[in-house]
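Worksheet: the structure to be examined is printed underneath.
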Amino acid sequence: MTTAPYPNARFRRLKSSAALRALSAENTLSVSDLIWPVFVRDGEGQREPVNSMPGVDRLSVDLLVEAAREAADLGIPAICIFPYTDPRLKTQLCEEAWSPDNLSNQAIRAIKSAVPDIAVMTDVALDPYNINGHDGIVRDGIIVNDETVEALVKMALAQADSGADILGPSDMMDGRIGAMRRALEAAGHQNVTIMSYSAKYASAFYGPFRDAVGATGALTGDKKTYQLNPANSNEALRLVERDLSEGADMVMVKPGLPYLDICRRVKDRFGVPTYAYQVSGEYAMIQAAAAQGWIDGAQVMQESLMAFKRAGCDGVLTYFAPSMARVLKG
Ligand code: PBG
């Protein structure tokens, strides 16, 4: 034991002033820990609120570029694009997913040309383009793995060709990281990074997001045949190990706060760049309670984001990114 008996040791001494509390803080949260997920829609000059995510809007590409510029000015290192796709473009085989001119690829090009310093992250999964809302191609009611992986590779290459810096495979198919990595190397995209959604759980906390991307009505059934069972923790480690062995540069745990134990285990076991996604439902709960005056929204935002750092994360995808960055800036 390194702690003297009372009164030689008093834990309150180091809490007795702001200066001492700052000196003895074990973790810090900085703007460079934040990745900002954003929703893009078609049109020009369009800003459309997402009802279930107060404070979050779907933006047309021109306004998204302005938002990316503000994020970069605040020091936010990365922005992550999710498209709200016109239902008429959704098909069984999800061909829109690898169209060089889909909304997401248009947004990547526009942001990289106007705000080159911000890293652009993408979502690699078929759900925004799938007539049945699943992350993979569905045949006879089955989400088919290997055919989906081929589609995801085409999608990943189209995003890399458009200038994406970080690919975020969120589909949970087996074999996708290795297949994408091989294709990226073969295409000369040596520096395109992959942040794998390695430990992505089948979670009801994604509800508001599915509204935001217009997948709510489309989804038939659930995603339990590919996303992780919330009861499992060892399996998350095996998935992280598998994705690293296939060439992932960074790994992610998702959702965030309910899965901090997984973040900690991943960081302790592998010591690799580890991220968490504070998902739409987590954001919505905080915003809803704050709007009722039941919690102090700004303080809960900061406390929740610090929790990720304490759990060992190197960064967090959060819809609070600009608000948090403004607080950090003072
Ligand atoms: C789908 C995807 C989801 C999220 C990110 N990518 C939803 C899902 O798997 O159904 C959720 C993000 C959030 O809830 O904020 N590929």
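The values are calculated or read from the model by the stated rules, or taken from the named source; none is laboratory data. The shown structure was predicted, so the numbers you read here are calculated from the model rather than taken from an experiment. Cβ coordinates were reconstructed from backbone atoms using ideal geometry, including for glycine residues, and neighbour counts include every protein chain displayed. Note: areas computed on protein heavy atoms with side chains; ligands, DNA, RNA excluded. Shrake-Rupley method; radii C 1.70, N 1.55, O 1.52, S 1.80 Å.
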Being touching a residue at least 24 places away in the same chain (Cβ under 8 Å), touching a strand residue (DSSP E or B) at 6+ places or on another chain (Cβ under 7 Å) and within 16 Å of the ligand (Cβ to nearest atom) is the requirement here; does D243 meet it? yes
Output for segment 88-127, where each listed residue is under 18 Å from P37 (Cβ atoms) and of a type in the set (S, T, N, Q): N102, S104, N105, Q106, T122
Restricting segment 200-220 to residues that are more than 7 Å from the ligand (Cβ to nearest atom) and open to solvent by 60 Å² or more (accessible area, probe 1.4 Å), which is modelled with the highest pLDDT? A204
Conditions: (1) in contact with a Leu (Cβ under 6 Å, 6 or more places away or on another chain); (2) exposed (fewer than 15 other Cβ atoms within 10 Å of the Cβ). A186 meets all but one. Number of the miss? (1)
Filter segment 60-98 for residues that are in a helix (DSSP H, G or I) and within 16 Å of the ligand (Cβ to nearest atom); which is surrounded by the fewest Cβ atoms within 10 Å (Cβ to Cβ)? W98
Residues satisfying the stated conditions in segment 142-171, i.e. part of a loop (DSSP other than H, G, I, E, B), open to solvent by 10 Å² or more (accessible area, probe 1.4 Å) and either more than 19 Å from Y226 (Cα to Cα) or touching a residue at least 40 places away in the same chain (Cβ under 8 Å) (or both): G163, D165
